[in-house]
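Reviewing the structure listed below.
All of the numbers you see were taken from the coordinates with simple rules; none came from a lab. Since this is a predicted model, take the numbers as computed values, not measurements. Cβ: placed from backbone, ideal geometry, glycine included. Neighbour counts: every protein chain shown.
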């Protein structure tokens, strides 16, 4: 369906080209704008807070006005990206990249509702997985642009902003219109069944932050040439893209085994990226991390559909927890890096694995009928 493809492209833009491109640009930002390692952690944490604030707004709006939420998400992400393009100082860069990150926070909940209305029934898990895996192609595109543009790294950001604006318009043209947008407000179906996914999302976010924030700079500090480190990022994006195929298959076995497998793969990738970058190790580790973390977020979307009759707000809440975890994990990894890469990334991997020790969601109710 065209809406699924357009939604995938919007996730690719808001996440891959805008939000997670921050970590990809860290070496150049430190060189050209003088951002310190400590400041990198603070800015990364601030992007997560901005994401959470946007997702919190989407929490209350996406079930009733998903089109408006998506429109706002695309506009904010595009403006932030264009701000990075024009930034001439670390302060302006920080403000712009934090603003741009907020767009991703609103994009996911709005898209979950729109896709759920357009693709009801048993095909919904697959459609949501494809859209959520859009992060992968976005990461690949961001890395390839960095390779092509070299020192002109800011040029990639105006391209990201323009692409985000265009794709947002396409999504709005294809999105279904319906009475839920103008009808009475739908009460949010929340309860104790949200506790496990909220905790798991926070742990996944806290552990994955080390890679999203410092992955490329750690590889280069370990002796990997800049272009090679960018190709490792391409491998990460390729792994994330694979979630579109693997996540629906893993979910057929149930949310619990899919969640456990995703977290194990993510943790393995985190540890692998902390090892000396020899041979194919960093490429395999990056692909494992990209696949595991993206399957993990896809499982959270499926989990929301199984614990709530209002999955849009549930996804908002789970992704807020994910990014609050990242807001804590980013400065934590920055603080631990002076001790050593392996200790910093080892703690991150333990946090991810802790999410697999939560009560299994196998007993969760069947998908709610909306």
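Classify the range 238-339 as rounded, prolate or oblate, taking a ≥ b ≥ c as the square roots of the eigenvalues of its Cα gyration tensor: rounded when a/c is under 1.5, otherwise prolate if a/b is larger than b/c and oblate if not. Oblate. Each helix, a run of at least 4 DSSP H residues, gives -39500 (n - 2.57); summed and divided by the residues of the chain, these come to -26000 deg cm²/dmol at 222 nm.
Tell me the relative contact order for the chain as a rounded percent, counting alpha carbon contacts under 8 Å between residues six or more apart. Taking the mean separation of contacting Cα pairs over the length of the chain, I get 27 percent.
Take peptides 208-219, 249-260 and line them up by average Cβ neighbours within 10 Å, highest first, as a rough protection proxy.
Values: 208-219: 26.8, 249-260: 18.4.
Going by the mean number of other Cβ atoms within 10 Å, highest first, we get 208-219, 249-260.
Identify the residues of the range 215-236 with backbone N under 18 Å of a label point that sits 7 angstrom from the Cα of residue 278 along the Cα-to-Cβ direction, or state none. In the range 215-236, the label zone of residue 278 (backbone N under 18 Å from the point 7 Å along Cα→Cβ) covers 219-225. Angle of helix 21-33 to the longest C-alpha principal axis of the chain, folded into 0 to 90 degrees and rounded to 10: 30°. Cα centroid separation, the range 34-107 to the range 251-314: 23 Å. The value of relative contact order for the range 2-110, using C-alpha pairs under 8 Å at least six residues apart, is 40 percent. Among 222, 100, 207, the largest mean-square fluctuation in a Gaussian network model of the chain (Cα springs under 10 Å) belongs to 222.
Comparing 224, 324, 82 in a Gaussian network model of the chain (Cα springs below 10 Å), the most mobile by mean-square fluctuation is 224.
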